[in-house]
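*Asks:* After the structure tokens below, expect a handful of questions from me.
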């Protein structure tokens, strides 16, 4: 059965980093696993188009875009970025950013849209950090907020970032912008060391596991979402809160992460808010775990969309603490 939403994916998403803690090969592996497990069919995938410079400049400085395009980054800039520069990296970033714009379009049309890449939430307007050089989510939001979007234009967007790391680039880009609400729930004692304030930062202690994480999410997300009432929600669905992640210090299980995803999707659906998803970070010791987590995000979205919330009563009981997982 086809998915009730589309998945944006291109073979060019691979940054070709080789032996690196950031497993850029995961994008192809996620694509393949979704097909192998019957979660998705070939017709569920759509090809992205690279982002235009016009769209990039809605968020990023011309100086930074030019340096990325021409490969003139300084040694200090490369150290902050933490990935080697190559034309393939630039091409992948341009393509993934176009994919996030397209995922938002699909979400506005169908209620849900997925980009199997993106989520580069550490990118600032004029620099990159932490594997992130272009802020695809910010670019996508600005694209659809622009008057040239016509009848498809949105006014208010919300970023729900559940990566293990705070979205410092997101917070900086949208600081003092009343049209975008930034929500980041992350491990406090982790990268980045300097955390510009989001509209709502939920700072978690080291070692938080499923029960506490899900309880805090159920406490913090609904009032923020209902109070802001965005036209579009961008969900940064990081896989790195996982207990076996190399760059994280939280203790979520695979089941806990799927409950997290289901709760975000169901909460947005109950509030009739379209969701665009980007898959963001994931650095498990076994890349197969990272792939399984990301594939599970797609599976949970399918469950919510196909069943109108599906197992919602049971899952709400889990979050209310009246039923075991």
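What follows draws every value from the coordinates through simple rules; no lab data is involved. What you see is a predicted model; the values in this text were computed from it and never measured. Counting neighbours? That spans all protein chains shown, and the Cβs are built from the backbone with ideal geometry, glycine included.
*Asks:* I want to verify a result. In a Gaussian network model of the chain, Cα cutoff 10 Å, which of these has the top mean-square fluctuation: 274, 42, 50?
*Replies:* Checking each option, the largest mean-square fluctuation is seen for 42.
*Asks:* Count the DSSP beta bridges whose two residues both fall in segment 6-320, then state the antiparallel fraction as a percent rounded to the nearest 5.
*Replies:* On the way: 2 of 32 bridges.
The antiparallel fraction comes to roughly 5 percent.
*Asks:* Under the rule a/c < 1.5 gives rounded, and otherwise a/b versus b/c splits prolate from oblate, where does segment 8-113 land using the Cα gyration tensor? The partial results should precede the final answer.
*Replies:* Numbers: a/c = 2.91, a/b = 1.42, b/c = 2.04.
In terms of gyration-tensor shape, oblate.
*Asks:* At R0 = 45 Å, how high is the FRET efficiency between residue 189 and residue 152 if r is their beta carbon distance? Nearest 0.05 is fine.
*Replies:* Numbers: r = 41 Å, r/R0 = 0.91.
Using R0 = 45 Å, I get an efficiency of 0.65.
*Asks:* Gap in Å between the Cα centre of segment 1-66 and the Cα centre of segment 106-157?
*Replies:* Distance between centres, Cα-based: 13 Å.
*Asks:* Considering only DSSP beta bridges where both residues belong to segment 127-204, give the percentage that are antiparallel (nearest 5). All intermediate terms of the calculation are to be shown ahead of the outcome.
*Replies:* Details: 1 of 11 bridges.
Here the antiparallel bridges make up roughly 10 percent for segment 127-204.
*Asks:* Students often get this wrong, so try it: which of (i) 1.03; (ii) 1.61; (iii) 0.91 is Cα Rg over 2.2 N^0.38 Å as calculated from the structure shown?
*Replies:* Only one option fits the structure, namely (iii).
*Asks:* Kindly provide the helix-only [θ] at 222 nm of the chain, computed as the sum of -39,500 (n - 2.57) over DSSP H runs of four or more divided by all residues, to the nearest 500 deg cm²/dmol? It would help to have the intermediate numbers written out before the result.
*Replies:* Details: 11 runs with 137 residues, N = 325.
After summing the helix terms and dividing by residue count, I get -13000 deg cm²/dmol.
*Asks:* Another question, then. Identify the residues of segment 129-147 with backbone N under 19 Å of a label point that sits 7 angstrom from the Cα of residue 70 along the Cα-to-Cβ direction, or state none.
*Replies:* 134
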